[in-house]
1. Output the residue which, of all residues in region 32-50 that are farther than 28 Å from VAL70 by Cβ and free of Cβ contacts under 8 Å to residues at least 12 places away in the same chain, is most open to solvent (accessible area, probe 1.4 Å).
2. Mind listing just one residue for me: the one in region 97-137 that is at pLDDT 95 or above and part of a loop (DSSP other than H, G, I, E, B) and, of those, most open to solvent (accessible area, probe 1.4 Å)?
3. Of all residues in region 81-129, count the ones that are in contact with a Lys or Arg (Cβ under 7 Å, 6 or more places away or on another chain), under 15 Å from LEU68 (Cβ atoms) and polar (S, T, N, Q).
4. List the number of the failed condition for ALA154; all other conditions in (1) in a helix (DSSP H, G or I); (2) surrounded by 10 or more Cβ atoms within 10 Å (Cβ to Cβ); (3) not basic (Lys, Arg) hold.
Amino acid sequence: MSKKSQPPLAVASLSAEAPPIVSSAHLVSPRSAEMSEFEFGLIVAGNAFHRWIAHCMSAAGLKDLTPLDVLVLHHVTHRARDKRLADICFIMNVEDTHLINYSLKKLQNLGVVASRKNGKEVTYAATDVGRQYVERYREIRESCLINALNADDALNRDIGELARLLRLLSGIYDQAARSAASL
């Protein structure tokens, strides 16, 4: 078989010779073994991503942050607009506001996030120091991740399609969670 006529990796991994690569064989559905493969990939990729962002921020100079702390700092810095706790939770798809609130307090204590009372609302924004850490994070990301990726137009299109698919699947998982919660 020539390279051009070989099946894509996802199809090849489900062929008769190779069973699906999953973390929980007891959950594999005959209707979609691919979903179990996806979930295992998501687990592994999610853990690698979390390890990466914590190490990248540590290299930028902010040590001992959890992955959630790093993501909250990035979101608070996003577009240089003040954010409310509810907005941060909504955008990050986190139901437990206490988790985000704890990260915000931790980031405030480090001096990288500041809060401001606006009437009854409290908003959060990155401080100048916080923005400097985020800029250093960006430089390290460019050097360690983007340069290693060495993406061409085709790979960037694939990554964009994967991002679209992840957003679609997150909606399906959210709907399934609501259904399960009502049982």
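The values are calculated or read from the model by the stated rules, or taken from the named source; none is laboratory data. Fair warning: this is a prediction, and the values are worked out from it, not measured in the lab. FYI the Cβ positions are ideal-geometry reconstructions off the backbone, even for glycines, and counts take in every protein chain you see. Quick note on the areas: whole protein, heavy atoms, side chains included, nothing else; ligands and nucleic acids left out. Shrake-Rupley method; radii C 1.70, N 1.55, O 1.52, S 1.80 Å.
1. MET35
2. LEU110
3. Matching residues across region 81-129 total 0.
4. If we test ALA154 against (1) in a helix (DSSP H, G or I); (2) surrounded by 10 or more Cβ atoms within 10 Å (Cβ to Cβ); (3) not basic (Lys, Arg), just (2) comes out false.
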